[in-house]
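See structure below.
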Amino acid sequence: MNIDDLTIKQARELAALFGGSQSAPPAISNGMTGKYVIVRCRDAGVHAGVLESYNGRECVLNESRRLWYWKAANGAFLSGVAVHGLSKESKVGDPIRVHLTENCEIIKCSDVAEKSIRGAKRYEP
């Protein structure tokens with residue numbers, strides 16, 4: 001068999017023999033769709049809202065509030081915000097629906113954190 005004379009069908013058959021695939025990888029189910037989450041993005045900062053959908057490094061949030069400046073009410077780092085909510089010094093935008101790209105992480109919020117973020121005063125520059 002001359003490799004230069006292979007048909008596309010034969011090339012696909014060979015690829016399948018060596019673990020190649022022509023289909024998309026299986027979807028990941030993180031169990032957070034429909035839950036209140038915090039999303040950190042590479043260029044768009046940090047947002048909190050209800051995760052409507054996601055695909056790879058993109059997601060759509062409903063009732064999303066941008067966390068312009070955030071500080072955990074207790075603990076440290078963004079995971080502290082997801083568990084304990086925001087301190088009074090935090091600055092939060094109005095709720096909107098947003099399509100985010102270049103997501104770095106999606107963190108599920110506790111009930112306490114969700115209540116804190118939803119109830120935070122709107123930041124007015």
Round to a whole number: what % of the accessible area of the chain belongs to carbon and sulfur, probe 1.4 Å? 53 percent
Tell me what the chain gives for mean residue ellipticity at 222 nm when only DSSP H runs of n ≥ 4 count, each as -39,500 (n - 2.57), the sum divided by the residue total, rounded to 500 deg cm²/dmol. -6000 deg cm²/dmol
Interchain or long-range residues, amide H under 5 Å from Trp70's placed H: Lys91
List, in order, the whole-Hz ³J(HN,Hα) value for each residue of the stretch 46-59 obtained from phi through the Karplus relation with A = 6.51, B = -1.76, C = 1.60 and θ = phi - 60°; use x for Gly and Pro. 10, 10, 10, x, 8, 6, 7, 6, 8, 8, x, 9, 10, 8
Quote the relative contact order of the stretch 42-107 in percent (integer), defining contacts as alpha-carbon pairs under 8 Å separated by 6+ residues. 36 percent
Length-normalised contact order of the chain, Cα under 8 Å, at least 6 apart, in percent, tallies to 23 percent
What lysines sit close enough to Lys35 to cross-link, taking a C-alpha to C-alpha distance under 21 Å and skipping anything fewer than 8 places away on the same chain? Lys108, Lys115
DSSP bridge orientation in the chain - percent antiparallel, rounded to nearest 5: 95 percent
Tell me the label only: which of (1) 2, 10, 15, 12, 8, 6, 6, 6, 6, 7, 8, 6, 4, 2, 2, 1, 0; (2) 2, 11, 16, 15, 12, 10, 8, 7, 6, 5, 4, 2, 2, 1, 0; (3) 2, 11, 18, 19, 13, 7, 4, 5, 5, 5, 4, 3, 2, 1, 0 is P(r) over Cα pairs in 5 Å bins from 0, in percent as calculated from this structure? (3)
Given a 1.4 Å probe, the accessible area of the chain per residue, as a whole number of Å², is 67 Å²
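The values are calculated or read from the model by the stated rules, or taken from the named source; none is laboratory data. Source: prediction; values computed, not measured. Protein only, heavy atoms only, side chains kept; ligands, DNA and RNA dropped before computing areas. Shrake-Rupley method; radii C 1.70, N 1.55, O 1.52, S 1.80 Å.
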